[in-house]
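A.B. asks: Please read through the structure below; I'll follow up with questions.
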Amino acid sequence: MEEKLKEINNQDLLQIYRLILEHLEFLDNEKKKIEEEDNK
Amino acid sequence: MIDELNSKYTEFKNVIDILPVNTKYNRKRKLDCILDEEKNDNERLSIVRQEIENRLSKFNNLKANDKIEELEKQLEKCNIINEWNNYNTAYEKMHLDYYLYQLHRYYKEDLESVNACIKKILDSFKKVEIVLTKEDFDFNNYARDYMEKILSNASNEELKLCFEELYWKNSDIIRTIEINFKSIYLRNEKKINKYYETRHLEFLKNHKDSEISDMRVKLSDEIKALKGNDIYLEFQKFVSGEYSVSDFKEAEILKKRDTYFEENSYTYNNLLDLNKVLNEYNILIKYKYLLSDMKDKLDKKIELKNSKNNALKEINKEETSLKKLNAKRNRKPLFGKKKNDDKWLFEYKKILTDITKNYDEFDKACFNDLVFEKLTQDSTIIEVLRLISSNYLYFVSKTCELDENQSINIINDNFNELKNYVNNNDFTLLNNVALLDEKQMKQLIVDKYNLGRIKLTIDNLLDDNIDRTISDINNLIDYENIINSGLNIDDVAMYLDFKKLLDKDNK
C-alpha cells in the first residue's frame, strides 16, 4: 500500500484519508448498535 | 486506488448487513468481524497519515533566514540618526512631546498608566543627565508630595493610596505635574541641547552622518531583496492567513496583469517601480490635510512668526504667580485664620488653566518657527513630510481636528508608519515635487507610465480607487515573489488542506 500511495496525487490522497475516516465512523456506529442489542 | 477501497468497503457493508444478531453468540461473531475490520482500517489510516506527513515535511523543515534578523538588528541601530534629526528639538528627542501628551490623556482614566508615564519622563531627564528630585516640583505641595512618593519607587498600591489621600485636597495634581515637567524642560533646555550636541560631536570624531544614512539605505535594500524571495517567509504568509490561496488563481492574476500592462511591459522591475510611485501618491492623498495646513502656514509666515516670546512671557508670569500662591498658602498667618481653601483653589485652577493654554500656544509657536526656519514654498513634499513626522504633537492635533473619534492607537500607528516611510531615501515623486505642484500630479504619473506602455489611467488614481489599484499591483508583486521563492501554490493548497484535516482529526 505504501508504494501505491506514493504514486497518487494530493487530491486522491486526501480523499482516501476521508474515506477511511468515514468507514471507521461507520464501524463505530455498528459496534454501538450491537451494544444496544446486548443491553436490551 | 479510491475505487478499490470503495468496493472493499461496500463489500464489507453488504456482508455485515446480512450477519444475524438474534442471539448473543451471533452478535459476538458480528462484533469480532467489525473489530477485525477496524484493526485493518486503523492500520490503513496510519499508513495514509504517514504518507501525508511525508508530503508535509518539506514545508515543516523550512527555516527562517537568520541573515534577515541579523540585518534588521543592524538597521535598528541606525535609529541613532534620529537623535540629530534637524527637524527635532531636544523636546522631541527626549520624547517629551509623546509622553506629556499621553500623561495629559491618561490623567482622568488610569492611574497606573499615569505613573508609568511619569516614570518614563523621569528616565528621559536622567538620560540627558538631569536627575530630578521632589524639590523640582515646586508649583504646589500636593504635587510635590506625590512626586516624592513616585521617586521613592513605591508600589502601585502605595501610590494609589497616596494619590487618593492627596486628590481630595487638590484634584489638579497630575495637571500640575505635567506643567511642572514642561517648566523643568524649559529651565534646562540649553543644558539638554548641549548634551545632544556633545554626543553628536563625539560620534563625528569617528564617523560621518552620511555613513549612517547610507548604511540605512543599504540595509533596507538588502532586507527587502532577501525578504522578497524567501521561501520560508512566503510560506508563513499563507499559514498566518496574510495570503490566501484563492488570491493567486492564475486566471485572476492574468486578468490583472492585462489590465495594467501591455505585452512585454510586464516585468518585475516595472511592477516595483509602479508600486513605489503609487505608494508615494497614496501618502500624498492620505496626508493632504497636513500638507495643505503647511501651505497655509507658509502663506501666513509674517502673521505667525515670533509669537513664541509672547507665550513665554505669559508662562513666566503665571509660573511666578503659581509659586507665590503656593508659598502664601503654606505661610502661617500672623493674625487670624488661614486663607479660605475654596478661594485658594479657585485662584489656583484659574492660573493652571491659563498656563496650560499658554504652553499649548508656546508649542504651536515653536513648531511654526521651526517650519519657517526649515521650509519654504519651494520645499519638496518629502522635506515637508519629514518635518511633520518629526513632530508628534502637530501630527496628533491636526489628525484629531480632522476626525475626533479616531483612536489614539491608530494615530500612533499612522505616525510611526509615516516616520518610517519618510526615513527611507528612495523616492521618485515626493523628493522631486514641490509643495505647490501637487495639483498636476495625477496627469504627471499617468503620462509617465503610459509612455512605458503601462495602462494606468486617471481613474485608477482617484481617491476612491487608489487603494484598489495599489492592492492589485501588490497582488501581482506577491505572486511574483511566491514564484521567485520557488514555492508551488498547489503544494501550499495541499499543505493547508492536509493540515486542516489532520488538526481536526487530532482534536
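Each value in this text was obtained by applying a stated rule to the coordinates, not by laboratory testing. From a predicted model like this one, the values you see are computed outputs, not experimental measurements. No Cβ is skipped: glycine too gets one built from the backbone with ideal geometry, and neighbour counts run over all protein chains shown.
A.B. asks: Compute the Cα gyration tensor for chain A, then decide on rounded, prolate or oblate, letting a ≥ b ≥ c be the square roots of its eigenvalues: rounded whenever a/c is under 1.5, prolate when a/b is larger than b/c in the other cases, and oblate in all that remain.
C.D. replies: prolate
A.B. asks: While we're here: As a test of the formula, what do you get for chain B when each DSSP H run with n ≥ 4 contributes -39,500 (n - 2.57) and the sum is divided by the residue count, at 222 nm and rounded to the nearest 500 deg cm²/dmol?
C.D. replies: -24500 deg cm²/dmol
A.B. asks: Quick check on segment B:359-507: what are the equivalent-ellipsoid semi-axes from the Cα gyration tensor, as sqrt(5λ), descending, whole Å?
C.D. replies: Output for segment B:359-507: semi-axes of 40, 26, 14 Å.
A.B. asks: Take every Cα pair under 8 Å in segment B:25-168 that's 6+ residues apart, average their separations, divide by the length, and report that relative contact order as a whole percent.
C.D. replies: Relative CO of segment B:25-168 lands at 11 percent.
A.B. asks: While we're here: Counting other Cβ atoms within 10 Å, keep those with at most 16, restrict to DSSP loop, and tell me which trypsin sites (Lys or Arg not before Pro) in segment B:37-73 are left.
C.D. replies: Sparse-neighbourhood loop trypsin sites (Lys or Arg not before Pro): B:K63.
A.B. asks: Testing the spin-label approximation: label points 7 Å from Cα along Cα→Cβ at B:K58 and B:D360. State their distance in nm.
C.D. replies: Spacing of the two 7 Å Cα→Cβ label points: 6.4 nm.
A.B. asks: Still on this structure: Compute the long axis of helix B:156-167 from its Cα atoms, compare it with the longest principal axis of the Cα atoms of chain B, and write down the angle in degrees, 0 to 90, nearest 10.
C.D. replies: 40 degrees
A.B. asks: HN-Hα J couplings of segment B:417-426 from phi, Karplus 6.51/-1.76/1.60, θ = phi - 60°, integer Hz, Gly and Pro as x?
C.D. replies: 5, 5, 4, 5, 4, 6, 6, 5, 9, 9
A.B. asks: What are the extents of the Cα atoms of segment B:1-97 along their three principal axes, listed from largest to smallest and rounded to whole Å?
C.D. replies: Largest first, segment B:1-97 extends 94, 29, 19 Å along its Cα principal axes.
A.B. asks: If you look for lysine pairs in segment B:356-507 that are eight or more places apart or on different chains, how many of them have Cα atoms under 27 Å apart?
C.D. replies: Within segment B:356-507, the lysine pair count is 17.
A.B. asks: Which stretch or stretches of segment B:25-44 have amide N atoms under 17 Å from the point lying 7 Å from A:L24's Cα along the Cα→Cβ direction?
C.D. replies: Zone members listed by number: B:34-44.
A.B. asks: Which GluC sites (Glu not before Pro) in segment B:203-255 pass both tests, a DSSP loop state and at most 12 other beta-carbon atoms within 10 Å?
C.D. replies: For GluC sites (Glu not before Pro) across segment B:203-255 that sit outside H, G, I, E and B with at most 12 neighbouring Cβ atoms in 10 Å, the list reads B:E242.
A.B. asks: In this model, which of A:K40/B:K24; B:K67/B:K224; B:K93/B:K301 are farther than 19 Å apart at the alpha-carbon?
C.D. replies: The answer is B:K93/B:K301.
A.B. asks: Also, I was wondering about something else. Which angle from 0 to 90°, rounded to the nearest 10, does the C-alpha axis of helix B:209-228 make with the longest principal axis of chain B?
C.D. replies: Value to nearest ten degrees: 20.
A.B. asks: Another question about this same structure. Restricting attention to the alpha-carbon atoms of the protein assembly as shown, what are Rg (one decimal) and Dmax (integer), both in Å?
C.D. replies: Spelled out, the Cα radius of gyration and Dmax of the protein assembly as shown are 35.0, 115 Å.
A.B. asks: Right, next: Volume per residue, Å³, of the convex hull around the alpha-carbon atoms of segment B:301-422?
C.D. replies: Per-residue hull volume (Cα only) is 150 Å³.
A.B. asks: Let me make sure I get this right: for segment B:405-489, a, b and c are the square roots of the gyration tensor eigenvalues over alpha carbons, sorted descending. Under 1.5 in a/c it's rounded, otherwise prolate if a/b > b/c, else oblate. Which is it?
C.D. replies: Since a/c reaches 1.5 but b/c is at least a/b, the shape of segment B:405-489 is classed as oblate.
A.B. asks: When all C-alpha to C-alpha distances in segment B:230-383 are sorted into bins of 10 Å, what percent of pairs does each bin hold, rounded to whole numbers?
C.D. replies: Taking all Cα pairs of segment B:230-383, the binned fractions are 8, 18, 17, 14, 14, 13, 9, 5, 2, 0 percent.
A.B. asks: At each listed q (0.09 Å⁻¹), what is the log10 of I(q)/I(0) that the Debye formula gives for chain B modelled as equal alpha-carbon point scatterers?
C.D. replies: Taking Cα atoms of chain B as identical point scatterers yields -0.86.
A.B. asks: List the chymotrypsin sites (Phe, Trp or Tyr not before Pro) in segment B:117-195 that DSSP assigns to loop (not H, G, I, E or B) and whose Cβ has at most 10 other Cβ atoms within 10 Å. Which are they?
C.D. replies: B:W168
A.B. asks: Between helix B:141-151 and chain B, what is the angle of the helix's C-alpha long axis to the longest principal axis, kept within 0 to 90° and rounded to the nearest 10?
C.D. replies: 40 degrees
A.B. asks: While we're on this one: State the Kirkwood hydrodynamic radius of segment B:129-248 in Å, one decimal place, computed from all pairs of distinct Cα atoms.
C.D. replies: Answer for segment B:129-248: a Kirkwood hydrodynamic radius of 19.9 Å.
A.B. asks: Under the definition of partner shielding as Cβ atoms of other protein chains within 10 Å of a residue Cβ, what is the mean value for peptide A:28-35?
C.D. replies: For this peptide, the per-residue mean of nearby foreign Cβ atoms is 4.
A.B. asks: Follow-up. What relative contact order, as a whole-number percentage, does chain B give when Cα pairs under 8 Å and 6 or more residues apart are counted?
C.D. replies: Relative contact order comes out at 20 percent.
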